[in-house]
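Heads up, the thing below is written out as structure tokens.
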Amino acid sequence: MTSPISPAFIATDTDLIKGMEGVLAIFIGDEGSMDATAKRVNRLSRGSVARLIEGEGFAKLDAGKAMKLAYPVNLEAEAVIVVKLPKRPSVSEARAAGSTIAKMAGGKALNVLCGNLRRAEEVALGLALRSYAFNDHFTKEEDAPGAVSFMVNKPEEMTAAYADQAAIADGVFFTRDLTNEPANVLTTTEFAKRLVELEALGLKVKVMEEKELAKLGMGSLLCVGQGSDSPSKVVVMEWMGDKKGEKPFAFVGKGVVFDTGGISLKPAGGMEDMTMDMGGAGVVAGVMKTLASRKAKANVVGLVGLVENMPSGNAVRPGDVVTSMKGDTIEVINTDAEGRLVLADVLWYAQETYEPVGMINLATLTGAIIIGLGHENAGVFSNSDDLANSFLKAANKEEEGAWRMPMGKKYDEQLKSRVADMKNVGGRPAGSITAAQFLQRFVKPETPWCHLDIAGVASVKSETEFAPKGATGWGVRALNRLIADNYEG
Ligand code: BES
Ligand code: MN
Ligand code: ZN
């Protein structure tokens, strides 16, 4: 498990600066303005800060970017990061500054001298998110990251303001760990175990085993896992933080712990990436952790379908017909289109059990969404303009890329089967949309619903502003904000 840094917020005292070890960070505001702490560093280093910010290099920097002081003379610190940031930065600028500092400090002990800078808690969140590393499977012990302190004028206020941000960092790290974890470690059983551990935060967690799922009639979900030695499970996490007994919002996640494709076997090249095919369930788990950690005043349930898609003597075959919990029959044309089979039953169960006020599912559902939107945006499919717009607004505020895609009857017709109520693939054209149409067949018209296809954004091969290579935790922040802005209070 990877824990986020927990920064200490200490009161501003410029006398401490000279003796501070490790790395210092200071902020330069509009028109090169310095607060008392930056001035102190400038004076101790005989004006080298002033010289740096007068240079052309610094002038060209965007807000949130930084340069290092070449020689931090007269200071104990081994390096000084000089960050360009307006005194009243936007959330985005403040988080960018945190990310910049994290990258430049490289895990060394860090003193961030904020003075009266606004949004220091957002700087701290950016720093925490970008400091993530997945080191669990290296035998050589990594050096533990150095302590991080923020020197601020109002330490109590900042400590309180950071509590909600810490909950976000906790949720994002949880999602990233789950998504990065190899499939021999994160089996369906291990995944369920890690979710049960969330009970420590006050969540109610229920694990449903195959026998119970069979009794419920989840023939669609169960056929996916029937070729694997890992038992299929559905895990339900309840956070009832709104005491008024109102109907909850529901998050549903695809949790395919490994996707070989099944009998419709995937090619060998790149198959190892399918360890992240539980990314949707990972995000649901992360958001639930964030909501519980910050004691959100909202009723939210998170449901995940945990299965492994393997070929074997009892694996589901192309051509098999299965019956979903809803009662509709499905002809399995391609066993590699398994995510929708899992979600169909969990979506139906969520609606039958909770009558949710809104429902969002997340899934690494189609390779086609990567062709369409690349790694910058998740695909958003919805039966409700209101919910889609609320989500897009939340995602936009959190700078998590999301783009609405069309749906419609003509696409749905591609799912017509010769032998059953529907087939599980609609052919090559509009592959992401026909997948969404399939899901919509298991959504009641009265349920406002969004499907987020996160195949392109859940895990990426190059670093991003707030994450190293690998799992990003995309969606935890946006969904947390969606709840905060629309379903709380
Ligand atoms: N898990 C994959 C989708 C995927 C592909 C996620 C690449 C992340 C990266 C999904 O189960 C799948 O195999 N989809 C098929 C559907 C097809 C058989 C209709 C696909 O996209 O090729
Ligand atoms: Mn697949
Ligand atoms: Zn899959």
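The values are calculated or read from the model by the stated rules, or taken from the named source; none is laboratory data. Note that the structure is predicted; figures quoted are calculated from it, not measured. So basically every Cβ, Gly included, is an ideal-geometry build from the backbone, and we count neighbours across all protein chains shown. Protein only, heavy atoms only, side chains kept; ligands, DNA and RNA dropped before computing areas. Shrake-Rupley method; radii C 1.70, N 1.55, O 1.52, S 1.80 Å.
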message: Please list, short to long, the whole-number percent of alpha-carbon pairs of the chain in consecutive 10 angstrom bins beginning at zero.
response: 4, 20, 28, 22, 14, 8, 4, 1, 0
field: Within the accessible area of segment 420-489 (1.4 Å probe), percent carbon and sulfur
entry: 48
message: Using the Cα centre of the chain as origin and beta-carbon charges of +1 (Lys, Arg) and -1 (Asp, Glu), tell me which of THR366, SER45, ALA167 is placed farthest towards the positive end of the dipole.
response: SER45
- prompt: Quick one: accessible area per residue over the chain, 1.4 Å probe, rounded to a whole number of Å²?
  reply: 41
message: Can you compute the helix-only [θ] at 222 nm over the chain? Use -39500 (n - 2.57) per DSSP H run of at least 4 residues, normalise by all residues, nearest 500 deg cm²/dmol.
response: -10500 deg cm²/dmol
statement: Cα-based Debye curve of segment 11-133 sampled at q = 0.10, 0.13 Å⁻¹ gives log₁₀ I(q)/I(0) of -0.25, -0.43
statement: Amide H contacts under 5 Å for SER228, restricted to residues at least 5 apart in sequence or on another chain and with H modeled in the peptide plane, are MET310
- prompt: Within a Cβ distance under 11 Å of VAL257, other residues only, what is the Lys/Arg minus Asp/Glu net charge?
  reply: -3
task: Note down the magnitude of the dipole of the chain about its Cα centre, charges +1 on Lys and Arg C-beta and -1 on Asp and Glu C-beta and zero elsewhere, to the nearest 20 debye.
output: 780
field: Protection-proxy order for peptides 385-391, 50-56, each taking the mean of Cβ atoms within 10 Å per residue, highest first
entry: 385-391, 50-56
query: Tell me, what are the semi-axes, in whole angstrom and largest first, of the equivalent ellipsoid of segment 127-264 as set by the roots of 5 times the Cα gyration tensor eigenvalues?
result: 35, 24, 11
message: Starting from the 7 Å offset along Cα-to-Cβ, what nm value, one decimal, do you get for the label separation of LYS211 and SER417?
response: 2.9
- prompt: Hey, what did segment 155-264 get for relative contact order, percent, Cα under 8 Å, at least 6 apart?
  reply: 27
task: For every other residue with a beta carbon closer than 14 angstrom to the beta carbon of LEU365, add +1 if it is Lys or Arg and -1 if Asp or Glu, then tell me the sum.
output: -3
message: Positive end of the dipole of the chain, charges at C-beta (+1 Lys, Arg; -1 Asp, Glu), about the Cα centre: which of GLN437, LEU178, SER382 has its Cα farthest in that direction?
response: SER382
task: Mind listing the long-range amide H neighbours of ALA79? Cut-off is under 5 Å, sequence gap 5 or more, other chains count too, H placed in the peptide plane at 1.01 Å from N.
output: LEU24
message: For a protection proxy built on the mean count of beta-carbon atoms within 10 angstrom, sort 170-176, 338-344, 316-322, 132-138 highest first, please.
response: 338-344, 170-176, 316-322, 132-138
Carbon and sulfur %, accessible surface of segment 1-105 computed with the full protein complex present, 1.4 Å: 50
Under the Karplus curve 6.51 cos²θ - 1.76 cosθ + 1.60, θ = phi - 60°, whole-Hz ³J(HN,Hα) for segment 267-277, x wherever Gly or Pro sits: x, 5, x, x, 4, 4, 5, 6, 5, 8, 6
- request: Take every DSSP beta bridge whose two residues both sit in the chain, then give the antiparallel share in percent to the nearest 5.
  value: 40
message: For Cα pairs less than 8 Å apart in space and 6+ apart in sequence, what is the mean separation divided by the residue count of the chain, i.e. the relative contact order in percent?
response: 15
